[in-house]
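The next block holds one structure in the form of structure tokens; read it before the comments.
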Amino acid sequence: MPPTGSLTASQRDWLRVRSYLQKHRHGLAVDAAGDYPADRRVAGTPLLAAPGWQPAEPVPLAAVGLELTSAESTPPPVASPALAALAALDGAAASLLPDRPDGTRYHRYSDVLRDLAAPAVFENRVTYRLTEAHLLSGLTPGASRLAFTRGRYFDGVDTGEAAAHEYAATRLGGRPAGLRALIADPCDLRRRPANLAISTLTLRLDRAAGRASFLLHWRDPAKVGHAGGLYQVIPVGVFQPSSEAGWSEHRDFSLWRCMIREFAEELGGRSEDYGPGPVDYDSWPFARHMAEAVDRGQIRVWCLGLGTDPLTYATDLLTVAVIDSGVFDELFSLSPRSNAEGSVLAAREFAAHVIDRVVTSEPVQAAGAAVLRLAWRHRETLTS
């Protein structure tokens with residue numbers, strides 16, 4: 001960040017609002033959820049869902065179908081005032097962006113964030129942008145389907161973090177910029193770019209003792225661009241290829257492969273850098289160990305739904321990985337420790353009173369709260 005003395009008045013004001021947002025994310029998200037109908041909230045948490053996003057019963061991850069349409073073959077969307085405003089964050093959203101010392105104005109929220117308050121890792125990597133979602137119980141082919149096209153990480157920052165900034169600014173007495181009003185329904189995937197994160201609750205199941213435990217992750221605001229200062233389930237990661245190379249887009253287009261990488265990184269301590277070549281999931285010992293455990297039924301992975309954060313519009317696929325204790329202990333640890341994005345906290349018992357305390361009394365991200373509530377609701381299916 002430039003020295004404070006060289007900042008413009010609007011840059012200092014932007015930093016003031018950004019600081020308030022970082023310090024009060026949880027409370028702001030809870031309050032923002034109140035702007036939407038109660039029946040849109042997932043399991044009584046702040047997370048929002050559209051019709052067709054919440055299956056009545058857990059869906060095996062392998063039953064969720066994926067479709068990828070390349071950006072080149074996707075027809076341009078019909079022009080609309082809302083999409084035009086979102087595309088460049090101009091018009092009504094322009095007041096969210098400060099002036100530089102040379103008198104020019106920032107054009108995107110990500111540009112301001114990079115210059116004035118960038119976290120340790122802040123890269124505009126390629127992503128799979130979610131365009132359609134239908135999640136229904138059962139194994140009927142096509143019952144559960146997610147459709148994607150190519151996106152970029154900053155697409156979500158430029159809308160979602162900007163919308164959160166607007167909400168925080170109004171709490172500090174500022175006038176609404178109009179961005180949130182233009183988006184209107186954050187679950188309408190036609191109105192904004194939506195990068196998908198896969199939020200996985202990992203349960204270590206001790207069948208002999210008849211109990212399960214789980215880990216939470218504290219996300220360090222100095223290290224992450226989204227949800228800094230909040231607790232979240234672990235692992236969580238944006239659904240994206242492992243590299244910018246063209247061949248990775250189709251090779252890595254798999255929810256499970258994305259989850260494997262996040263397990264390796266957030267719980268195993270592996271770097272996000274997978275080198276110049278393709279990830280060979282078949283020969284990678286860690287990935288092979290996970291896949292073999294899935295085949296033996298020692299790891300079972302479920303999808304519980306999809307939801308959108310009411311403050312930042314972050315969109316998460318809610319998943320649960322139930323791992324038998326023997327396999328878990330071979331691959332991971334329950335010990336508290338630091339990692340590249342924050343801290344892995346001490347293990348907690350998977351029990352109703354613990355989940356109630358986490359969801360109601362701790363600063364847990366909306367998606368984390370929702371997947372905990374849903375997992376407890378469906379505990380007999382998940383742990384049978």
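Largest first and in whole Å, give the semi-axes of region 24-68's equivalent ellipsoid, each being the square root of 5 times a Cα gyration tensor eigenvalue.
Ellipsoid semi-axes (Å, largest first): 27, 12, 10.
For region 124-218, what does the relative contact order come out to in percent, with C-alpha contacts under 8 Å and a separation of six or more?
Details: 108 pairs, mean separation 25.0, N = 95.
Reported relative contact order: 26 percent.
How large is the convex hull of the Cα atoms of region 92-155 per residue, expressed in Å³ as a whole number? Could the numbers behind the result be given before it?
Numbers: hull volume 9.4 nm³, N = 64.
Output value, Cα hull per residue: 146 Å³.
Would you please put 218-227, 319-328 in order of how densely packed they are, using the mean number of other Cβ atoms within 10 angstrom per residue and starting with the highest? Intermediate results must be reported in sequence, preceding the final value.
Details: 218-227: 19.9, 319-328: 21.8.
Output ranking for 218-227, 319-328: 319-328, 218-227.
Measure out, as a whole number of angstrom, how far apart the alpha-carbon centroids of region 276-291 and region 232-246 sit.
For region 276-291 versus region 232-246, the Cα centre distance is 15 Å.
Along Cα→Cβ, 7 Å out, is where each label goes; now give me the distance between the ones at VAL354 and ALA184 in nm to one decimal.
For the pair VAL354/ALA184, the computed spacing is 4.4 nm.
Taking 0.36 nm per residue of separation and subtracting the Cα-Cα distance, what length does fully extending ARG12 through SER254 add?
On the way: separation 242, 0.36 × 242 = 87.12 nm, distance 4.24 nm.
Computed gain between ARG12 and SER254 is 82.9 nm.
Averaging over all projection directions, find the projected area of the Cα convex hull of the chain and quote it in nm² with one decimal place.
Values: hull surface 76.8 nm².
So the mean shadow area of the Cα hull is 19.2 nm².
Pull up all non-local amide H partners of ASP99: gap of 5 or more, or a different chain, and H-to-H distance under 5 Å with H placed in the peptide plane.
The list, which skips near neighbours in sequence, is SER10, GLN11.
In Å and from the alpha-carbon atoms only, list the Rg and Dmax of region 288-356.
Cα-based Rg and Dmax for region 288-356 come out at 15.0, 40 Å.
Work out, step by step, the length gained on full extension between ARG270 and ASP282: first 0.36 nm times the residue separation, then minus their alpha carbon distance; give nm to one decimal.
Working: separation 12, 0.36 × 12 = 4.32 nm, distance 1.74 nm.
Extending this stretch completely gives an extra 2.6 nm.
Write down the accessible area per residue of region 280-334 in Å², having rolled a 1.4 Å probe over the full set of protein chains.
It amounts to 32 Å² per residue over region 280-334.
Can you give me the angle between helix 162-171 and the longest principal axis of the chain, using Cα atoms only, in degrees from 0 to 90, rounded to the nearest 10?
The angle comes out near 70 degrees.
For the chain, give me the percentage of DSSP beta bridges that are antiparallel, rounded to the nearest 5 percent.
Details: 41 of 58 bridges.
If I count the DSSP bridges inside the chain, around 70 percent turn out antiparallel.
Rounded to the nearest whole Å², what accessible area per residue is found for region 115-154 with the 1.4 Å probe?
Working: 1830 Å² over 40 residues.
Here the per-residue accessible area is 46 Å².
How much of the pair distance distribution for region 105-260 lies past 19 Å, counting alpha-carbon pairs only, in percent? Each step should come with its number before you reach the end.
Values: 7914 of 12090 pairs.
Distances greater than 19 Å cover 65 percent of the Cα pairs.
How far apart, in nanometres, would the label points at ARG145 and SER384 be if each is projected 7 angstrom from Cα along the Cα-to-Cβ direction?
Placing both labels 7 Å along Cα→Cβ, they lie 2.8 nm apart.
Expressed as a whole percentage, what fraction of the accessible surface of the chain belongs to carbon and sulfur atoms when a 1.4 Å probe is rolled over the protein heavy atoms? Display every interim value, and only then the final one.
Numbers: 8530 of 15970 Å².
Whole-percent figure for carbon plus sulfur exposure: 53.
Please state the Cα pair-distance histogram of region 248-316 with 5 angstrom bins from zero: what percent is in each bin?
Bin by bin from 0 Å, the calculated values are 3, 12, 20, 24, 18, 13, 7, 3, 0.
Report, to the nearest 10°, how far helix 285-295 tilts away from the longest principal axis of the Cα atoms in the chain, using its own Cα long axis and a range of 0 to 90°.
That works out to roughly 60 degrees.
What is the extension gain from THR69 to ASP295, computed as 0.36 nm multiplied by their sequence separation minus the C-alpha to C-alpha distance, in nm to one decimal? Numbers along the way, then the final one.
Details: separation 226, 0.36 × 226 = 81.36 nm, distance 2.98 nm.
Gain on extension, THR69 to ASP295, equals 78.4 nm.
Per DSSP H run of at least 4 residues, take -39500 (n - 2.57); add these up for the chain, divide by its residues and hand me the 222 nm value, nearest 500 deg cm²/dmol.
Numbers: 14 runs with 118 residues, N = 384.
Helix-only estimate at 222 nm: -8500 deg cm²/dmol.
If packing is taken as the average count of other Cβ atoms within 10 Å, what order do 360-368, 373-381, 343-351 fall into, highest mean first? Don't skip to the answer; put the middle values down first.
Details: 360-368: 22.0, 373-381: 17.9, 343-351: 15.9.
Ranking, from highest mean packing down: 360-368, 373-381, 343-351.
If packing is taken as the average number of other Cβ atoms within 10 Å across a peptide's residues, how do 286-294, 233-241 rank, most packed first?
Per-residue Cβ counts within 10 Å, averaged per peptide and sorted highest first, yield 233-241, 286-294.
Take the Cβ-Cβ distance between LEU136 and ASP329 as r, set R0 to 51 Å, and report the resulting FRET efficiency rounded to the nearest 0.05.
Details: r = 35 Å, r/R0 = 0.69.
Step by step, r from the Cβ atoms, then E = 0.90.
Note down the magnitude of the dipole of region 145-241 about its Cα centre, charges +1 on Lys and Arg C-beta and -1 on Asp and Glu C-beta and zero elsewhere, to the nearest 20 debye. Intermediate results must be reported in sequence, preceding the final value.
On the way: 14 positive and 8 negative charges, 42 e Å.
Its charge dipole is roughly 200 debye.
For SER199, what charge total do you get from the other residues with a beta carbon under 14 Å from its beta carbon, if Lys and Arg give +1 and Asp and Glu give -1? List each step's numbers first, then the result.
Numbers: positive: ARG219, ARG373; negative: GLU262, GLU266, ASP309, ASP316, GLU341.
Net of charged neighbours comes to -3.
The values are calculated or read from the model by the stated rules, or taken from the named source; none is laboratory data. Here the structure is a predicted model, which means the values were calculated and not measured. Glycine also receives a Cβ, built like all others from the backbone with ideal geometry; neighbour counts cover every protein chain displayed. All accessible areas refer to the heavy atoms of the entire protein, side chains included, with ligands and DNA or RNA removed. Shrake-Rupley method; radii C 1.70, N 1.55, O 1.52, S 1.80 Å.
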